[in-house]
Amino acid sequence: MLGAAVGVFGVAFGVLATTSGLSVAQACAMSVLVFTGASQFLAVRVVADGGVPAAAIAGALLLAARNGVYGMAMSRVVRGSHGRRMIAAQLVIDESTAMAAAQDDPAARERAFWATGLAVFVFWNAGTIAGAVLGRGIGDPAALGLDAAFPAGFVALLLPHLRTRPGRVAAGIGGTAALALVPFVPAGVPILVASLATLVGLRRPT
């Protein structure tokens, strides 16, 4: 179920990628090699809006930095050879980490990690292929509401963090900064600056 749900976002990404100027091969390669949805959506959206590539790359890397933290946590969950752990590294995402962390037994954690990571990888890439091919025949993704897929998905990821005070403060600072900068700076820069508000969430509650 989770993998199929993510696959829907993969379709949206494929459409947006090809309608923003990427080829089908480029969109598919991005999903296989990068495999972190929020960063992919951000990079494509920034370039499509006329932003400089440096802003797209910097923003994508900043969003993907959380996967490094996930990797440190999952290093105690995934066992085996270096090769096996290298494959696992590509599957370290929000969903696989969350499902693994929800298990009590060490063996169950590893099974949940692999099952979730592989399911999401397969459905995300299958969705990207379908969307990329479909996108070649769509003039304007906004006509189908697909341009809202990234912000809607991103808001869904952020909502749980609004339950905490640091999360609400970070959201307020980031949103205010982005809105203030939009009229004055190139596309992508407001998102990059707003992302710095996440540093507020690193503070331990007192």
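Throughout, read-outs are computed from the coordinates displayed, never taken from laboratory work. Treat the numbers as computed from the prediction; the structure is a model and nothing was measured. Quick reminder, even Gly has a Cβ in these numbers, built from the backbone with ideal geometry, and neighbours come from all protein chains shown.
A few remarks follow.
- Label-point gap, in nm, between Asp49 and Val34 - each point 7 angstrom along Cα→Cβ: 1.5
- Gain upon complete extension [Ala107, Arg168; 0.36 nm per residue less C-alpha separation]: 18.4 nm
- 3J(HN,Hα) along segment 49-57, derived from phi through the Karplus expression 6.51 cos²θ - 1.76 cosθ + 1.60 where θ = phi - 60°, amounts to 8, x, x, 6, x, 4, 5, 5, 5 Hz, with x in place of Gly and Pro.
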